[in-house]
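Below: one structure, written as structure tokens.
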Amino acid sequence: MFSPSTRPTRLALFCRVVDNYGDIGICWRLARQLQREHGIDVTLWVDDLVSFRRICPELDVLAAQQTRAGVTVRHWDSMDGAFSAGDVADIVIEFFAVDIPPGYIEAMAQCEPRPVWFNLEGLTAEEWVEGCHCLTSPHPRLRLIKHFFFPGFTAKTGGLLVEADLAAQRLAFQSDPAARSAFLTRLGLSASEIAARTVSLFCYPHAPVAELFAAWQHASEPVTCLVPEGVASDVLQSWLGGAALAGASATHGALTLRVLPFVPQDDYDRLLWSCDLNFVRGEDSFVRAQWAGRPFVWHIYPQDEQLHHKKLRAFLQRYAGDLPALAELSLHWNGAAAQPADWPALWAAYSAQMPAMRAHAGAWQQQMLALGDLAGNLLRFAATLR
Ligand code: TRH
């Protein structure tokens, strides 16, 4: 796209890992898609390989540079270093406004033509992103211009990350009960756990997990709740009566809890496809739950001054207008509701609305797919800038 067929387009994606594995989920997915679907020569710069390894187990945490899934992974261990114009990619993406090494920026200014430079922002359903998507920010000193690129839920944003073959893969999996059974069995579930209503639970530590578990314990139908190791560990420990390590499980009334190993990203998709309901968080798992086509509840990453509550409401307004039980439970799950929570009642209402949520999930997917996918939208926009 950028060079006459002699070499593939080179792209550098800079990612700082916050909170153990924050943001790497999105960057790893984007990097792989750019390489696989567009033949881009991607270098992913990551500061914390140990956290990265949780979602990409084959990673060598001691290697300064390695190739994984066709992507060059470089350990970004310093802001120092001298770079030449030849080191600079055709497209440079700083994820979530990270500061990239000053030497790299100086080298960018030496390039002819200069690279296309993006700040890829976080996902929000708020309206203001439409006014900021693709805005420019000239460098104060160098002849460089940065563009803001916003994922989003409307045609005036960059859309959502989604691979070209995702829907086909998901549909094949979801229409094959034996594949689901085999997958869940591999994760350690028994036949009766697989037969019950299955829920995956991925959230931040402040979620009211104990209250939800208590509601499920007394629910009319059995629930199997699958929790990745390291999530809600304190609450799990008291329900399990021991360490919340992968493989541990316990049943209390109608609720069976099972701790799962943290699985690679592609298996996490299969987990979402397998479950009747998914509790997800942050950005990447939140988007994957939408592509799973199943009911979900989002735990949004907390921000100062409760800014995240505004973002949550903006999303619920777009997504859950006709699904009041989803909106209600989501607000309580995120501590954003005005009234005290009655968890058994919230769960009963949510559960009754799940068939409608499932139907809505399909319609929503069609709406989101019509926006084009984020990686493709980004490359198309980049091509207009050279
Ligand atoms: O890691 P997160 O908490 O990410 C967040 C968001 O990006 C947020 O905006 C940011 O500010 C914050 O980090 C610091 O949640 P998220 O985005 O869902 O990423 C988790 C990734 O982990 C996702 O790619 C799915 C993956 N995953 C696995 O691969 N295997 C697993 O077993 C599980 C539970 C998750």
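Structure above, values below:
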{"item": "Filter pass, residue 361 being more than 16 Å from the ligand (Cβ to nearest atom) and either part of a helix (DSSP H, G or I) or surrounded by fewer than 20 Cβ atoms within 10 Å (Cβ to Cβ) (or both)", "result": "yes"}
{"item": "Candidate set from segment 258-288 (those that are touching a residue at least 40 places away in the same chain (Cβ under 8 Å), assigned to a strand (DSSP E or B) and more than 18 Å from residue 206 (Cα to Cα)); member that is nearest to the ligand (Cβ to nearest atom)", "result": "260"}
{"item": "Residue list for segment 23-70, filter: surrounded by fewer than 21 Cβ atoms within 10 Å (Cβ to Cβ), on the phi > 0 side of the Ramachandran plot and within 16 Å of the ligand (Cβ to nearest atom)", "result": "69"}
{"item": "Single condition residue 88 does not satisfy, out of (1) closer than 18 Å to residue 120 by Cβ; (2) in contact with a Phe, Trp or Tyr (Cβ under 6 Å, 6 or more places away or on another chain); (3) away from the ligand (no atom under 16 Å from the Cβ)", "result": "(2)"}
{"item": "Helices (runs of 4 or more DSSP H) (entirely within segment 141-229) containing at least 2 residues that are surrounded by fewer than 17 Cβ atoms within 10 Å (Cβ to Cβ) and within 25 Å of the chain's Cα centre (by Cα)", "result": "166-174, 177-186"}
{"item": "Residue within segment 4-22 that is in contact (Cβ under 8 Å) with a residue 24 or more places away in the chain, of a type outside the set (S, T, N, Q), within 16 Å of the ligand (Cβ to nearest atom) and part of a helix (DSSP H, G or I) present", "result": "no"}
{"item": "Criterion (modelled with pLDDT under 95 and either crowded, with 22+ Cβ neighbours inside 10 Å or assigned to a helix (DSSP H, G or I) (or both)) met by exactly one of 237, 306", "result": "306"}
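The values are calculated or read from the model by the stated rules, or taken from the named source; none is laboratory data. All of these numbers come straight from a predicted model, not from anything done at the bench. Reconstructed Cβ throughout: ideal geometry from the backbone, glycine too, with neighbour counts over all protein chains shown.
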